[in-house]
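Report on the structure given below.
The values are calculated or read from the model by the stated rules, or taken from the named source; none is laboratory data. As the structure is a prediction and not an experimental result, all values here were calculated from the model. Note that we place each Cβ from the backbone using ideal geometry, even for glycine, and neighbour counts take in every protein chain shown. All accessible areas refer to the heavy atoms of the entire protein, side chains included, with ligands and DNA or RNA removed. Shrake-Rupley method; radii C 1.70, N 1.55, O 1.52, S 1.80 Å.
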Amino acid sequence: QVQLVESGGGLVQAGGSLRLSCAASKRTFSNYVMGWFRQAPGKEREFVAVISSSSSYRYYANSVRGRFTISRDNAKKTVYLQMNSLKPEDTGVYYCACGTGLFTEWGQYDYWGQGTQVTVSS
């Protein structure tokens, strides 16, 4: 079992930045692929970014590429999502997920956090 706890969400104006964190409880955190997803009100959960266990591979959704950066610190068992140039359409609940493959479908991940709210005002 892996517990994931997100933090760092909040209210920010368009053009601003936020850094999300996701702390994991698993001692073997470094073996897992980590992903970020988001869900806007009335919409399905969507893929944002994924990072391989060694950070050698990162992949982003087209909507965030060039603005968001995913990173991880295996010693701290934490994955991050640096979000710059935020837009109102980035508003939603952001979830981190833990899995064993570089998936972009949320259903293919094994563990989820509770989510953190990000609201971008125009």
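Descriptive notes on the structure:
- Any chance residue 89 is exposed (fewer than 15 other Cβ atoms within 10 Å of the Cβ), touching a residue at least 12 places away in the same chain (Cβ under 8 Å) and among the charged types (D, E, K, R): yes
- Some residue of the stretch 60-74 being free of Cβ contacts under 8 Å to residues at least 24 places away in the same chain and either at positive phi or touching a His at 6+ places or on another chain (Cβ under 6 Å) (or both): yes
- Residue 39 vs. criteria of a type outside the set (Lys, Arg) and out of contact with any Lys or Arg (no Cβ under 6 Å at 6 or more places or on another chain): no
- For the stretch 25-44, the set of residues classified as part of a strand (DSSP E or B) and either over 12 Å from residue 99 (Cα atoms) or without any contact (Cβ under 8 Å) to a residue 12 or more places away in the chain (or both) consists of 37, 38, 39, listed by residue number.
- Candidates 58, 38, filtered to the one that is open to solvent by less than 30 Å² (accessible area, probe 1.4 Å), at pLDDT 95 or above and basic (Lys, Arg): 38
- Only residues that are touching a strand residue (DSSP E or B) at 6+ places or on another chain (Cβ under 8 Å), within 19 Å of residue 7 (Cα to Cα) and not basic (Lys, Arg) were counted across the stretch 47-94, and they come to 23.
- Number of positions in the stretch 45-100 that are in contact with a Pro (Cβ under 9 Å, 6 or more places away or on another chain) and assigned to a loop (DSSP other than H, G, I, E, B): 1
- Number of residues in the stretch 113-122 that are in a strand (DSSP E or B) and either among the acidic types (Asp, Glu) or open to solvent by 60 Å² or more (accessible area, probe 1.4 Å) (or both) equals 1.
- Answer from 6, 46 - the residue that is among the acidic types (Asp, Glu), open to solvent by less than 60 Å² (accessible area, probe 1.4 Å) and within 11 Å of the chain's Cα centre (by Cα): 6
- When we screen 30, 52, 17, 25 for residues that are open to solvent by 30 Å² or more (accessible area, probe 1.4 Å) and touching a Leu at 6+ places or on another chain (Cβ under 7 Å), the only hit is 17.
- Here residue 100 clears all of (1) within 14 Å of residue 6 (Cβ to Cβ); (2) open to solvent by 60 Å² or more (accessible area, probe 1.4 Å) except the condition numbered (1).
- Members of the stretch 75-86 found to be open to solvent by less than 60 Å² (accessible area, probe 1.4 Å) and either of a type in the set (Ser, Thr, Tyr) or modelled with pLDDT under 95 (or both), listed by number: 78, 80
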